[in-house]
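Enquirer: Just dropping this structure here.
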Amino acid sequence: MSVHTDYANLANRLIAAYAHQCLAASRAQRSLRARSHHDKSFMQSLLRLSSVLLQYKSPQATDAVLDAIDLASVYAGVERRESSAGSDSSLQYDDFLVQELLHYFKHSFFRWVTKPQCPQCQASGDNIVGAGARPFSASHNPDQVSVVEMYHCTTCSLPVEFARINNPLSLLRTREGRCGEWVNCFLLILHAVIPQPNRLRYVWNHEDHVWCEYYSYGLQRWVHLDPCEACFDEPHLYANNWGKKMSFVIGFNDYYAIDLSDKYIPASAQIDKLSVVSSLKTVTSIVDHINLEKVREFFTSDETMRTLTAASASNNTIQANEELLLHLYNSIILPYNRERKLVVGSAKPSKTSTAAIGRQTGTSEWTRARGEDGS
Ligand SMILES: [Zn+2]
């Protein structure tokens, strides 16, 4: 055996040992305890989102998406983008596809709803007055409605309701909502065309906005996408363009959660984090908890179990175990550690300075009320 293979074996053994430690930690971890009411609600939001991407993997989703979108128009747009890109562009086919889907989704597919239109007299805007919200009460809830907003039409006196739908498949049919519905439906579509594991990410901002990211092979990194604004790779859109102040931004992909605050929040837009949680350790420990849970899930997945069972049948358990630990390291632990290094302190000047100022979706009163009008 050459010296080189010796070192390679040693490196693999160390990596496997490290992955094994992570796995042991994941098996030993206890449930999280919140220190304050604020910490508890922060924790619940993150835990609820930790498996948010699973809903896009239903077997009928891909067919439903391909039936719903105008593929001919999307692919014609992709070809146009590809042929007009410079030869020095590092963008690849799937990057053009994502750009075209953003454009198609905003301009031809989904509709923004600040307030619903009156179904009886078609009045809208100022003629529709808010009257609170009620929880959805029926036991049969195929659209996964979380809450029903209530309004009143001042023109014809009809009560008007707007149900907030969470089932992404239902959104392919209704095609309307606010940022939650937009991101939910857009991720379903993205998953149908980019089905590889761990290439999509749901991004949550504590100050009431969500967007997404995907991993670009051409750019070799995670890229910001905002379907509501058809924005591609403009992480400082919110801080510089909308003038939005933020405390935390957390991302959730298949294999880990990650604190992306430094990527999206430059110092000038940073809300004091300690006004949101009791200590920064709270956030780190929630993210760590989710990630150890992901490690455990990875190692107890059906696929892993099948590999180990097959290996033990052929007396190969030790080698199979080491290979799985290496796989765990290369799929989850290494990409997470690498990306965390990249994100920390990554706030750079935004490239959005030439774009239109202020949020492009929602009425001006609505964006001003949210502090997102660029002032
Ligand atoms: Zn009306």
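Enquirer: Six or more apart or on different chains, Cβ under 9 Å: which pairs go from a residue in segment 313-324 that's part of a helix (DSSP H, G or I) to one that's loosely packed, with under 10 Cβ neighbours inside 10 Å? Could you list them?
Expert: Sorted first by the residue in segment 313-324, then by its partner, the pairs are ALA320/SER314.
Enquirer: Restricting attention to segment 52-69, does a residue exist that is over 16 Å from LEU188 (Cα atoms), in contact (Cβ under 8 Å) with a residue 12 or more places away in the chain and in contact with a helix residue (DSSP H, G or I) (Cβ under 7 Å, 6 or more places away or on another chain)? Even if it seems obvious, please write down each step before you answer.
Expert: To start, the set of residues in segment 52-69 that are over 16 Å from LEU188 (Cα atoms) comprises none.
Within segment 52-69, none of the residues are over 16 Å from LEU188 (Cα atoms), in contact (Cβ under 8 Å) with a residue 12 or more places away in the chain and in contact with a helix residue (DSSP H, G or I) (Cβ under 7 Å, 6 or more places away or on another chain).
Enquirer: Something else: Any idea which residue in segment 114-134 is farthest from the ligand (Cβ to nearest atom), counting only those that are farther than 24 Å from CYS228 by Cβ and part of a strand (DSSP E or B)?
Expert: ARG134
Enquirer: Give me the pairs, please: first residue somewhere in segment 3-22 and hydroxyl-bearing (Ser, Thr, Tyr), second residue anywhere and at pLDDT 80 or above, beta-carbon distance under 9 Å, and either six or more positions apart or on two chains.
Expert: Within 9 Å, the pairs are TYR18/LEU325; TYR18/TYR329; TYR18/ILE333.
Enquirer: Could I ask something else about it? Could you say which residue among SER26, SER87 is without any contact (Cβ under 8 Å) to a residue 12 or more places away in the chain and either in contact with a strand residue (DSSP E or B) (Cβ under 8 Å, 6 or more places away or on another chain) or over 22 Å from LEU190 (Cα atoms) (or both)?
Expert: On the way: SER26 fails: without any contact (Cβ under 8 Å) to a residue 12 or more places away in the chain.
Selected residue: SER87, the only one of SER26, SER87 that is without any contact (Cβ under 8 Å) to a residue 12 or more places away in the chain and either in contact with a strand residue (DSSP E or B) (Cβ under 8 Å, 6 or more places away or on another chain) or over 22 Å from LEU190 (Cα atoms) (or both).
Enquirer: Can you name every residue in segment 185-198 that is touching a residue at least 40 places away in the same chain (Cβ under 8 Å) and either in a strand (DSSP E or B) or of a type outside the set (Phe, Trp, Tyr) (or both)? First the steps, then the outcome.
Expert: Our first condition is that a residue be touching a residue at least 40 places away in the same chain (Cβ under 8 Å); within segment 185-198, this holds for 185-195, 197-198.
Hits for segment 185-198 are CYS185, LEU187, LEU188, ILE189, LEU190, HIS191, ALA192, VAL193, ILE194, PRO195, PRO197, ASN198.
Enquirer: Every residue in segment 325-344 that is more than 22 Å from ARG199 (Cβ to Cβ) and part of a helix (DSSP H, G or I), please. Break it down into steps so the answer makes sense when it comes.
Expert: Narrowing segment 325-344 to residues more than 22 Å from ARG199 (Cβ to Cβ): 325, 344.
Across segment 325-344, the qualifying residue is only LEU325.
Enquirer: Do you know which residues across segment 135-177 are among the small types (Gly, Ala, Ser) and more than 16 Å from the ligand (Cβ to nearest atom)?
Expert: Residues of segment 135-177 among the small types (Gly, Ala, Ser): 137-139, 146, 157, 163, 170, 177.
SER137, ALA138, SER139, SER146, ALA163, SER170, GLY177, listed by residue number.
Enquirer: Cβ-Cβ below 9 Å, separation at least six or inter-chain, first residue in segment 139-167 and closer than 21 Å to GLN120 by Cβ, second aromatic (Phe, Trp, Tyr) and more than 16 Å from the ligand (Cβ to nearest atom): which pairs?
Expert: Pairs that qualify, where the first residue is closer than 21 Å to GLN120 by Cβ and the partner is aromatic (Phe, Trp, Tyr) and more than 16 Å from the ligand (Cβ to nearest atom), are VAL148/PHE136; ALA163/PHE136.
Enquirer: Mind counting the residues in segment 38-79 that are closer than 21 Å to ARG175 by Cβ and not aliphatic (A, V, I, L, M)?
Expert: 11
The values are calculated or read from the model by the stated rules, or taken from the named source; none is laboratory data. The shown structure was predicted, so the numbers you read here are calculated from the model rather than taken from an experiment. Note that we place each Cβ from the backbone using ideal geometry, even for glycine, and neighbour counts take in every protein chain shown.
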